[in-house]
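S.K.: The structure under discussion is supplied below as structure tokens; questions concerning it will follow.
The values are calculated or read from the model by the stated rules, or taken from the named source; none is laboratory data. Fair warning: this is a prediction, and the values are worked out from it, not measured in the lab. Note that each Cβ is placed from the backbone with ideal geometry, even for glycine, and that neighbours are counted across all protein chains shown. All accessible areas refer to the heavy atoms of the entire protein, side chains included, with ligands and DNA or RNA removed. Shrake-Rupley method; radii C 1.70, N 1.55, O 1.52, S 1.80 Å.
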Number of protein chains: 2
Amino acid sequence: MGVTIKDVAREAKVSVASVSRALNGQAGVTAETLGRIREVAARLRYVPDNAARSLITRRTHTIGALLPDLFGEFFSELIRGIDLAARARGLHLLVSSSHDDADEAAAALRAMQGRVDGLLVMSPHADADFLRQNLPQGLPTVLMNTVLDSDAHAALSVDNYGGACLLVRHLIERGYRQVAFIQGPPKNRDVAERELAYRETLAEHAPGQAPIVLPGDFNEISGYRAGQQLLAMQPRPDAVFAANDMMAIGCIAAIREAGLRIPEDIAVAGFDDVPMARYVTPALTTVRVRIAELGKTALEQLIVQIEHTDTPPRAHQRVKAELVIRASSDSQWQGNDMRFAATQD
Amino acid sequence: MGVTIKDVAREAKVSVASVSRALNGQAGVTAETLGRIREVAARLRYVPDNAARSLITRRTHTIGALLPDLFGEFFSELIRGIDLAARARGLHLLVSSSHDDADEAAAALRAMQGRVDGLLVMSPHADADFLRQNLPQGLPTVLMNTVLDSDAHAALSVDNYGGACLLVRHLIERGYRQVAFIQGPPKNRDVAERELAYRETLAEHAPGQAPIVLPGDFNEISGYRAGQQLLAMQPRPDAVFAANDMMAIGCIAAIREAGLRIPEDIAVAGFDDVPMARYVTPALTTVRVRIAELGKTALEQLIVQIEHTDTPPRAHQRVKAELVIRASSDSQWQGNDMRFAATQD
DNA sequence: AAACTTGATGAAAACGATTACGTTCCGCGT
DNA sequence: ACGCGGAACGTAATCGTTTTCATCAAGTTT
């Protein structure tokens with residue numbers, strides 16, 4: 001093991017208490033001794049042992065993130081947002097992802113105990129029972145995009161409903177009437193909200209138009225298959241709203257393969273605005289979710305909880321979503337990839 | 001604080017030593033007492049405190065990853081690979097990224113002290129001096145894609161040279177002669193190796209053909225600008241090799257905007273094979289780097305070091321790169337996005 | 001039956017920090 | 001001269017584990 005506080009104390013000819021005080025900037029230490037201690041600490045390359053420190057202070061200065069799977073651009077952005085916000089506050093980030101089943105997620109959660117000051121949870125397994133069973137009580141937690149509206153924990157999610165409404169209304173305004181919807185994984189809350197918005201907006205703005213709903217699983221392949229089904233329908237829908245961008249991209253591939261034009265014959269739209277969306281041909285109309293901001297907001301809410309353990313968490317916050325119109329629903333679109341990228345934050 | 005080992009001991013009417021032995025699966029405890037202890041521990045929801053444990057065992061079961069910036073698909077994949085491999089070994093992952101300057105990176109490195117059992121470092125600031133100053137000696141470390149060939153630390157990088165050779169040779173075999181190269185950020189080792197391969201392969205297989213090199217910075221915008229420069233040249237190059245995929249995509253945008261055909265008028269190729277590469281139009285020829293595998297290999301090498309602190313690290317390992325031919329350099333290309341995606345690992 | 005092994009268990013010492021509580025010492029007011 | 005207050009610093013308890021070593025009972029060998 002390296003150099004400990006005792007070594008510094010001996011070398012500076014003071015007690016460990018003084019070293020601790022000096023290095024933590026507490027009062028009760030002369031300018032002279034402080035200087036000497038600092039000098040010795042620097043010379044010896046002393047770094048306090050985090051384990052020992054957090055054993056007594058009960059603080060780890062680390063927050064944990066429990067995520068479903070790191071695959072894809074969505075999580076890349078999410079982690080980035082969280083990491084950035086955490087760094088700004090001097091916190092560390094412990095990530096844990098890719099849990100195949102609830103048991104694995106539970107084990108991961110348990111392993112976080114005593115390692116983190118707070119928890120960011122985004123997991124398909126995180127239903128009410130799971131959380132009650134496995135969440136260490138007393139540990140500040142923020143739930144993200146989970147299936148339940150827990151009043152025991154703070155929660156944060158994307159405004160799926162609002163975003164999807166904007167999108168469907170846009171399609172109808174452009175003259176598309178027979179708008180189909182491609183679903184995501186079952187029991188996914190985001191998908192459910194997007195679908196509800198689709199159905200209600202359709203009913204309101206295109207009355208008499210029956211909803212057309214196809215299954216999907218968030219992967220591009222399922223979007224491709226849905227696209228093929230769609231093309232075989234009589235009458236053929238003239239627009240598709242996929243529950244996420246990857247499926248929309250798959251759908252575009254199917255439609256172009258069949259020789260139809262987008263958006264003249266069929267319009268296509270997605271959800272998320274992954275970076276890829278503006279590079280596919282035609283560029284994809286979608287709903288932009290400020291993913292990094294979602295992560296940042298979640299972390300900030302968590303910090304509030306950590307610092308004010310007493311105050312109850314704010315019930316449920318929403319991150320707004322905005323419509324991004326591109327060529328896949330608008331033949332007039334003149335967007336230039338590069339100009340767009342340059343103005344991105 | 002929650003329930004401690006003492007609570008369990010009292011409730012099970014044994015000493016804390018027995019509880020520790022029982023729960024850690026050590027010998028020297030009757031089946032009967034073991035059962036009782038297990039039962040009590042489960043009932044009380046006992047979870048050992050990690051800080052206390054690692055204070056005495058000197059193990060954190062956590063590895064740290066120091067990364068430059070989480071932006072983009074590359075790091076998403078890299079973290080995913082590391083996380084997967086770590087999880088398989090019961091290790092946790094502490095990530096730290098986005099360090100604007102060397103001081104910040106140094107602080108991050110210091111903060112890792114005592115928090116991790118080993119370190120994965122991929123940082124532009126990680127030169128020899130920086131490492132000597134800030135790397136806690138004795139802490140197992142694996143360097144990834146760094147500028148130096150340190151013999152003090154294990155290192156791991158992508159076979160940039162081999163991959164780029166394959167790519168340039170492919171272009172020349174397809175009949176392209178005036179192949180241009182778009183550089184990445186200066187002082188980036190990966191870029192330097194790719195450029196060297198470009199120059200040497202060109203000299204060998206297309207003797208007399210002078211290299212054409214344009215600046216870039218890994219962003220799509222710089223690729224776009226390079227594309228415009230390229231189009232203004234006399235004579236106009238008939239192929240471009242961009243040092244990464246994002247620049248290649250920007251370059252494609254510039255070429256298509258000018259109304260030229262790819263690959264008939266100009267061929268385009270990149271490096272990395274980011275997921276997006278197969279969805280742009282035309283689909284991008286590139287060199288596939290198994291990024292997740294890179295992360296996994298790095299982690300495994302780190303584990304070897306952790307478990308055998310005595311044996312010196314293996315000098316320098318390479319992760320191989322493979323050529324992926326798509327429409328941007330091959331008009332015959334019949335690839336189907338969906339089929340490809342389905343067979344992806 | 002005494003001595004000796006064996007295996008289960010408990011008491012207590014680590015680990016490296018923070019911090020409550022004493023102690024010392026100096027200066028000041030009376 | 002004496003007491004008193006407060007600043008500077010040291011002693012030791014503490015956090016929750018693991019682990020060494022001693023203890024003790026029961027069985028085995030002679």
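S.K.: Looking only at residues that are polar (S, T, N, Q) and free of Cβ contacts under 8 Å to residues at least 60 places away in the same chain in region B:173-213, which one is least open to solvent (accessible area, probe 1.4 Å)?
M.R.: Our first condition is that a residue be polar (S, T, N, Q); within region B:173-213, this holds for B:178, B:183, B:188, B:201, B:209.
From the residues that got through so far, the ones that are free of Cβ contacts under 8 Å to residues at least 60 places away in the same chain too are B:201, B:209.
Numbers: B:THR201: 6, B:GLN209: 51 Å².
Across region B:173-213, the extreme among qualifying residues is B:THR201.
S.K.: Hey, another quick one. Give the residue, chosen from A:ARG87, A:ARG110, that is surrounded by fewer than 17 Cβ atoms within 10 Å (Cβ to Cβ) and at the interface with chain B (Cβ under 7 Å from one of its Cβ atoms). Spell out how you get there, then give the answer.
M.R.: On the way: A:ARG87 fails: surrounded by fewer than 17 Cβ atoms within 10 Å (Cβ to Cβ).
On inspection, the qualifying residue turns out to be A:ARG110.
S.K.: Could you list, in sequence order, the residues of region A:222-262 that are within 20 Å of A:ALA206 (Cβ to Cβ) and modelled with pLDDT of 95 or more?
M.R.: Taking region A:222-262 first, the residues within 20 Å of A:ALA206 (Cβ to Cβ) are A:230, A:233-243.
If the condition is that a residue be within 20 Å of A:ALA206 (Cβ to Cβ) and modelled with pLDDT of 95 or more, then A:LEU230, A:MET233, A:ARG236, A:PRO237, A:ASP238, A:ALA239, A:VAL240, A:PHE241, A:ALA242, A:ALA243 are the ones that fit.
S.K.: Out of all the residues in region B:49-72, which are within 13 Å of DNA strand C (Cβ to nearest atom) and either of a type outside the set (S, T, N, Q) or open to solvent by 50 Å² or more (accessible area, probe 1.4 Å) (or both)?
M.R.: B:ASP49, B:ALA51, B:ALA52, B:ARG53, B:LEU55, B:ILE56, B:THR57, B:ARG58, B:ARG59
S.K.: Give the number of residues within region B:90-107 that are farther than 20 Å from B:ASN219 by Cβ and within 8 Å of another protein chain (Cβ to nearest Cβ).
M.R.: The total comes to 5.
S.K.: Can you pull out the residues in region A:20-46 that are surrounded by fewer than 17 Cβ atoms within 10 Å (Cβ to Cβ), within 12 Å of DNA strand C (Cβ to nearest atom) and not small (Gly, Ala, Ser)?
M.R.: Passing the criteria: A:ASN24, A:GLN26, A:THR30, A:LEU44, A:ARG45.
S.K.: Ok, one more. Would you say A:GLU322 is closer than 21 Å to A:PHE75 by Cα, of a type in the set (Asp, Glu) and either in a helix (DSSP H, G or I) or touching a Pro at 6+ places or on another chain (Cβ under 8 Å) (or both)? Write out each step before concluding.
M.R.: Numbers: closer than 21 Å to A:PHE75 by Cα: yes; of a type in the set (Asp, Glu): yes; either in a helix (DSSP H, G or I) or touching a Pro at 6+ places or on another chain (Cβ under 8 Å) (or both): no.
Considered against the rule, which asks whether it is closer than 21 Å to A:PHE75 by Cα, of a type in the set (Asp, Glu) and either in a helix (DSSP H, G or I) or touching a Pro at 6+ places or on another chain (Cβ under 8 Å) (or both), A:GLU322 comes out as no.
S.K.: If I go through region A:214-226 residue by residue, how many of them are within 22 Å of B:MET276 (Cα to Cα) and either touching a residue at least 40 places away in the same chain (Cβ under 8 Å) or open to solvent by less than 50 Å² (accessible area, probe 1.4 Å) (or both)? Break it down into steps so the answer makes sense when it comes.
M.R.: Let us first name the residues in region A:214-226 that are within 22 Å of B:MET276 (Cα to Cα), namely A:216-226.
Those left that are additionally either touching a residue at least 40 places away in the same chain (Cβ under 8 Å) or open to solvent by less than 50 Å² (accessible area, probe 1.4 Å) (or both): A:216, A:220-224, A:226.
Qualifying residue count for the region: 7.
S.K.: Something else about it: Being closer than 30 Å to A:ALA298 by Cβ, within 16 Å of DNA strand D (Cβ to nearest atom) and modelled with pLDDT of 90 or more is true for just one of A:ARG53, A:ARG110, A:ARG38. Which residue is that? Show your work before the answer.
M.R.: Numbers: A:ARG110 fails: modelled with pLDDT of 90 or more; A:ARG38 fails: closer than 30 Å to A:ALA298 by Cβ.
That would be A:ARG53, the only listed residue that is closer than 30 Å to A:ALA298 by Cβ, within 16 Å of DNA strand D (Cβ to nearest atom) and modelled with pLDDT of 90 or more.
S.K.: With the condition kept exactly as written, say whether any residue in region A:258-270 is under 30 Å from A:ALA86 (Cβ atoms), touching a Ser or Thr at 6+ places or on another chain (Cβ under 9 Å) and outside the structural domain of A:VAL95 (by TED's automatic domain parsing). Give the derivation first.
M.R.: Just the residues of region A:258-270 that are under 30 Å from A:ALA86 (Cβ atoms), to begin with: A:270.
Still in the running and touching a Ser or Thr at 6+ places or on another chain (Cβ under 9 Å): A:270.
Still in the list and also outside the structural domain of A:VAL95 (by TED's automatic domain parsing): A:270.
Checked region A:258-270: at least one residue is under 30 Å from A:ALA86 (Cβ atoms), touching a Ser or Thr at 6+ places or on another chain (Cβ under 9 Å) and outside the structural domain of A:VAL95 (by TED's automatic domain parsing).
S.K.: Would you be able to tell me the number of residues in region B:108-140 that are of a type outside the set (A, V, I, L, M, F, W, C) and in a loop (DSSP other than H, G, I, E, B)?
M.R.: The initial filter retains those residues of region B:108-140 that are of a type outside the set (A, V, I, L, M, F, W, C), namely B:110, B:113-115, B:117-118, B:123-125, B:127, B:129, B:132-134, B:136-138, B:140.
Still in the running and in a loop (DSSP other than H, G, I, E, B): B:113-115, B:117, B:123-125, B:127, B:136-138, B:140.
Here the count works out to 12.
S.K.: Looking at region A:90-107 only, could you name the residues that are assigned to a helix (DSSP H, G or I) and open to solvent by less than 50 Å² (accessible area, probe 1.4 Å)? I'd like the intermediate steps shown before the answer.
M.R.: Looking only at region A:90-107, we keep the residues that are assigned to a helix (DSSP H, G or I), and these are A:102-107.
Within region A:90-107, A:ALA102, A:ALA105, A:ALA106, A:ALA107 meet the criteria.
S.K.: If you don't mind, another one. Being within 16 Å of DNA strand D (Cβ to nearest atom) and hydrophobic (A, V, I, L, M, F, W, C), is that true of even one residue in region A:118-130? Lay out the reasoning, then the answer.
M.R.: Filtering region A:118-130 for residues within 16 Å of DNA strand D (Cβ to nearest atom) gives none.
No, because not a single residue in region A:118-130 is within 16 Å of DNA strand D (Cβ to nearest atom) and hydrophobic (A, V, I, L, M, F, W, C).
S.K.: OK, next. In region A:227-243, what count of residues is obtained for those that are open to solvent by 10 Å² or more (accessible area, probe 1.4 Å) and away from chain B (no Cβ under 12 Å)? So that I can check it myself, show each step before the final result.
M.R.: Taking region A:227-243 and keeping what is open to solvent by 10 Å² or more (accessible area, probe 1.4 Å), we get A:228-229, A:231-236, A:238.
Filter once more, keeping what is away from chain B (no Cβ under 12 Å): A:229, A:231-236, A:238.
The qualifying residues number 8.
S.K.: Here is a follow-up. Within region A:1-13, restricting attention to residues that are touching a helix residue (DSSP H, G or I) at 6+ places or on another chain (Cβ under 6 Å) and hydrophobic (A, V, I, L, M, F, W, C), which residue is surrounded by the fewest Cβ atoms within 10 Å (Cβ to Cβ)?
M.R.: If we take residues in region A:1-13 being touching a helix residue (DSSP H, G or I) at 6+ places or on another chain (Cβ under 6 Å) and hydrophobic (A, V, I, L, M, F, W, C), then A:VAL3 is surrounded by the fewest Cβ atoms within 10 Å (Cβ to Cβ).
S.K.: Strands (runs of 3 or more DSSP E) wholly in region B:202-300 with at least 3 residues that are under 25 Å from B:PRO124 (Cα atoms) - which ones?
M.R.: Numbers: elements: B:212-214, B:239-242, B:267-269, B:286-289.
Counting at least 3 such residues, we get B:286-289.
S.K.: Using beta carbons and a limit of 7 Å, which pairs, at least six apart or on different chains, have the first residue in region B:22-41 and touching a residue at least 24 places away in the same chain (Cβ under 8 Å) and assigned by TED's automatic domain parsing to the domain that holds B:LYS6 and the second one within 9 Å of DNA strand C (Cβ to nearest atom) and assigned to a loop (DSSP other than H, G, I, E, B)?
M.R.: Hits for this filter: B:ILE37/B:VAL14.
S.K.: Can you name the number of the only condition in (1) within 14 Å of chain A (Cβ to nearest Cβ); (2) under 30 Å from A:ALA254 (Cβ atoms); (3) among the hydroxyl-bearing types (Ser, Thr, Tyr) that B:THR285 fails?
M.R.: (1)
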